[in-house]
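Since the structure comes first, as structure tokens, the remarks are kept for the end.
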Amino acid sequence: MLPRPAIGIEAIAAAFPNQYIDLGTLAEANNVDPGKYYVGLGVNRMAVPAPHEDSVTLAAGAAFQLIHNNNVDINDIGTLIVGTETSVDAAKPIAVYLHGLLGLSPSCRTFDTKHACYGGTAALKLVADWVAARSGSGKKALVVTTDIARYEVESPGEPTQGAGAVAMLVAENPSLLTFDDFPEAVYTQNVMDFWRPHYLNTAVVLGHTSIECYLEALEQTYSQYQELSGLKWDDYRHLLFHVPFPKMAYKGFKLLYDLEAKHRNGNPFPSFEEAFAHSAEPALWANRQVGNIYSGSLYLALASLLERRGPEVAGTRIGLFSYGSGSCAEFFSGRIGPDASAWAGKIGVGEALNNRRELNYEQYLQFREEADLLNQEDSYLNGSGFKPADDRALSFHGIRHHERVYKPGGLVKHLEASHPATKEEERPGLDKRFDDLRP
Ligand code: HMG
């Protein structure tokens, strides 16, 4: 058998709503000590989607940036999978909206994957095998995670909301992260810790049960992976976690640290706080500003690490833990490319987060209400008082005769003009691509 080629992530990009609410504002409205949100959960700000944003428009923002910022030839993409748990339709996948928008080849396969926050990892793992098997004759795969985390107002889950998308290009000999080729460490269990019935647009969650399920899955997959791979604690320069809220990553790291301390049986070891600051904290700064983005939370941590620590992490190994309620989890690892310094400050996460505007509590509630109205039948015909921001890739304009109406924003035109991903004559023009999206 031929050795498996090196497979992993070649490029990464992220997109977020343009506005946020500070957790202090939310704490005041909910009559809660702000320390509970800032320190107890570890969240400072939470991304709030505008009424004209949904999982499709966020995914479009991340995918467009990935393709244009990295001059990806769209003819090289043979599979596009979207990992999401907040899809906009029970049958039509978000992936096919993106396919039309990006002008991908008709021979490119598209579909969505779902298993709560594990959906993005499921997609990554599938395409890694697809690329390795060369089923697409050497083509690359695009994976986009996109979600809007939404709980009831004034519920315990409310301070753990967020919204955003992360796009990743998976290819042979990747420059960013090469997955280690060890047997898989997966843990699946049918539990009711978090779910969202079709008739609700907010999640139902048994918060404390969900934390226990997360930690159990972490212990199972980490131990299994250590055994299967032969890797040791010291082999990982950084440990990255699914981040529903940053304190959860802290709890996860504590569990692994305690397991390791037991294993060392009193042998010298850095203190817990030192180890956490060195290994896990550097990947959490963006998650503290965005909140939970469900399927993309782990990959936002990866983008954060590369953007802030690019030069230091080049060539090092990281461990990644992905958890999706319900539940399915996986621990895996990979090596960051030797040129990681090229990613420092270039992914655009910091810039996007610094350019957001702050909402007050009333505006936050108003955005939620407007989004609910816009997601009703014939909202497109009834009109909305909200004007979409013009710096987005795509905006959702409401529903007409059960079809969602999307229109391109200024970002698409700007990126297409500055870095054409493929010669225009080789794919349909922007107007034609949008005709396909218009009912
Ligand atoms: P809660 O029950 O209101 O909060 O909701 P709490 O009483 O447990 O307090 C939270 C922390 O704040 C505690 O710290 C308090 O001590 C501390 P801990 O004991 O955990 O270390 N605290 C303070 N700290 C400083 N100053 C103060 C103060 N007061 C209290 N004044 C809960 C918390 C997480 C349960 C809630 O927000 C929730 O239900 N969130 C949603 C569920 C969730 O995120 N679960 C995580 C694991 S499951 C998962 O990750 C999957 C998921 O992403 C979905 C998917 O897969 O699709 C959710």
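Only the coordinates and a few stated rules stand behind these numbers; no lab work does. Since this is a predicted model, take the numbers as computed values, not measurements. So basically every Cβ, Gly included, is an ideal-geometry build from the backbone, and we count neighbours across all protein chains shown.
Things worth noting here:
- Cα-based shape type of the range 259-346, given that a ≥ b ≥ c are square roots of the gyration tensor eigenvalues and the cut on a/c is 1.5: oblate
- Relative packing of 195-205, 90-100, 164-174, which averages over residues the other C-beta atoms within 10 Å, highest first: 164-174, 90-100, 195-205
- Of the peptides 67-77, 360-370, the ranking by mean beta-carbon count within 10 Å, highest at the top, reads 67-77, 360-370.
- Sorting Glu216, Glu358 from the fewest to the most surrounding beta carbons within 10 angstrom yields Glu358, Glu216.
- Gained length - Tyr199 relative to Lys387, 0.36 nm times residue gap less alpha-carbon distance: 64.9 nm
- Hypothetical label at Asn354: residues of the range 391-405 whose amide nitrogen lies under 13 Å (7 Å Cα-Cβ projection): none
- Going from the residue with the fewest nearby Cβ atoms within 10 Å to the one with the most, Ser279, Ser223 rank Ser223, Ser279.
- The range 174-311, relative contact order in percent, only Cα pairs under 8 angstrom and at least six apart counted: 21 percent
- Inter-part distance, the range 364-416 to the range 233-299, computed on C-alpha centroids, equals 38 Å.
- For the range 47-122, the fraction of C-alpha pairs farther apart than 15 angstrom is 57 percent.
- For the chain, built as a Gaussian network whose Cα springs stay under 10 Å, the top-fluctuating residue of His278, His263, His115: His263
- Entries in Lys114/Lys139; Lys139/Lys247; Lys92/Lys140; Lys247/Lys413 that, when Cα-Cα distance is taken, lie over 32 Å: Lys139/Lys247; Lys247/Lys413
- Summed side-chain charge close to Asp22 - residues other than Asp22 whose Cβ falls under 10 Å, Lys, Arg +1, Asp, Glu -1: -1
- Each Lys or Arg adds one and each Asp or Glu subtracts one; over the other residues with Cβ under 14 Å from the Cβ of Ser333, this totals -2.
- By the Stokes-Einstein formula, at 0.692 mPa s and 37 °C, the chain with its Kirkwood radius over alpha-carbon pairs has D equal to 150 µm²/s.
- Scoring 313-319, 372-378, 339-345, 267-273 by mean Cβ neighbours within 10 Å over their residues and listing the highest first yields 313-319, 339-345, 372-378, 267-273.
- Taking Lys and Arg as +1 and Asp and Glu as -1, the other residues whose beta-carbon sits under 10 Å from that of Ser135 total +2.
- Proximal lysines relative to Lys262, as straight alpha-carbon distance under 19 Å, when same-chain residues fewer than 8 apart are discounted: Lys232, Lys251, Lys254
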